[in-house]
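First the structure, in the form of structure tokens, and then the observations on it.
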Amino acid sequence: MKRTPFQRRPAPGSRTSFAPPTAPLSYQVTKLPGKSRARRGRPTPQQVRRREAEAEHRAMSKRVREEEPWCQVGMRSLWRELGAICTSESTDGHHVLSKGRGGPNERWNYLALCHPCHMWVHAHPKLAEAAGWLAKVGASSPWPREAA
């Protein structure tokens, strides 16, 4: 008897007891010579650098949110002209010049934003650049050019 997700499981020993499906046949995994794929023990140098960078970002983000407890979207004049002012508490630290474009984890490169505004900034980069929440990168900007 096949059950749908909304049917109750019959009581054990009843005539219509539920029998779980049989498990698929197991198969033997052959181990290739050399190192195993799962690395155990010390992390790789790339993992160490990534963990250090993430810890640095978390610390700076926390510092920025402590200094600016409210979302900074409402503080920008262009956004006020559009008639939308955010009054939420800041939850995210946002890089004005992204890490992928060479932005450092320094205080001048951070804004304290609430999560919905942070998602909006990344979803609308042209408007965010005009408002000053993202750095405009290119020939006419003071920021370094993107790596081609």
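The values are calculated or read from the model by the stated rules, or taken from the named source; none is laboratory data. Computed from a predicted structure; not experimentally measured. Please note: Cβ atoms are built from the backbone with ideal geometry, for glycine as well, and neighbour counts cover all protein chains shown.
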Requested in this report: Only residues that are modelled with pLDDT under 90, surrounded by 12 or more Cβ atoms within 10 Å (Cβ to Cβ) and outside any loop (DSSP other than H, G, I, E, B): list them for region 90-108, please.
Outcome: Lys99, Arg101
Report summary line: Restricted to region 118-137 and to residues being within 14 Å of the chain's Cα centre (by Cα) and more than 20 Å from Ala59 (Cβ to Cβ), the residue surrounded by the most Cβ atoms within 10 Å (Cβ to Cβ) is Val121
Query - Selection count, region 63-88, where residues are surrounded by fewer than 11 Cβ atoms within 10 Å (Cβ to Cβ) and at pLDDT 85 or above - result: 2
Query - Selected residue [at pLDDT below 60 and farther than 19 Å from Gly132 by Cβ] from Pro43, Pro24 - result: Pro24
